[in-house]
Amino acid sequence: MSTHTHADMVPRNTLITAGALVLFALAATATVRIAHIPAAASPVALRAADHMVPVEQRNLRFIDRADGAVVIEDADKGSNASVIEPGQKTGFIRGVMRGLARERRMHGIGNQPPFNLTLWPDGELSLTDSATGRSIELTAFGSSNRAAFMALLPRPGVS
């Protein structure tokens, strides 16, 4: 038979802190709702409102090969834009595409519809799934990750 001791209880200060956090969260939520503070606009909505025209864009398909490589195809020209061989340090591209592919599988969409890689006048770089409409702002992931996708855009003077 076990006996109950006060040493087994949660410290009083911890309970007070947890309660204060819950009350703060409720107060902050109520303030936003009552004051009708608008949510931050998405970059997609801001670009549409500003009628921003892309500087450069490319429609791409990402196709897994049996050997573990990923073939990146220019969907408009039907030519290879790049190949990511197994073992290359391209975890960011693979990670982004894995997430987008998972979403497509949930919707029963294959790999035929292209992804649109777009460079905007403000220097932002985005990848939009033409099938689901989901857009990822690649600049938010840092310069080296942005550069991995930037390399997939056509270079000026190269067709």
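Assorted remarks:
- Scan of segment 63-90 for residues that are loosely packed, with under 12 Cβ neighbours inside 10 Å and under 21 Å from the mean Cα position of the chain (by Cα), ordered by number: LYS89
- Scanning segment 43-75 for residues that are without any contact (Cβ under 8 Å) to a residue 24 or more places away in the chain and closer than 30 Å to ASP122 by Cβ yields a count of 8.
- Entirely in segment 112-152, the strands (runs of 3 or more DSSP E) that have 1 or more residues that are surrounded by 15 or more Cβ atoms within 10 Å (Cβ to Cβ) and touching a Lys or Arg at 6+ places or on another chain (Cβ under 6 Å): 115-119, 125-129
- Among the residues making up segment 78-101, those that are outside any helix (DSSP H, G or I) and closer than 15 Å to LEU60 by Cβ are GLY78, SER79, ASN80, ALA81, SER82, VAL83, ILE84, THR90.
- Scanning segment 25-62 for residues that are out of contact with any Ser or Thr (no Cβ under 6 Å at 6 or more places or on another chain), surrounded by 14 or more Cβ atoms within 10 Å (Cβ to Cβ) and not in a loop (DSSP other than H, G, I, E, B) yields a total of 8.
- Some residue of segment 84-93 being touching a Lys or Arg at 6+ places or on another chain (Cβ under 8 Å) and modelled with pLDDT under 90: yes
The values are calculated or read from the model by the stated rules, or taken from the named source; none is laboratory data. Fair warning: this is a prediction, and the values are worked out from it, not measured in the lab. Here Cβ is always computed from backbone atoms with ideal geometry, including for glycine, and neighbour counts include all displayed protein chains.
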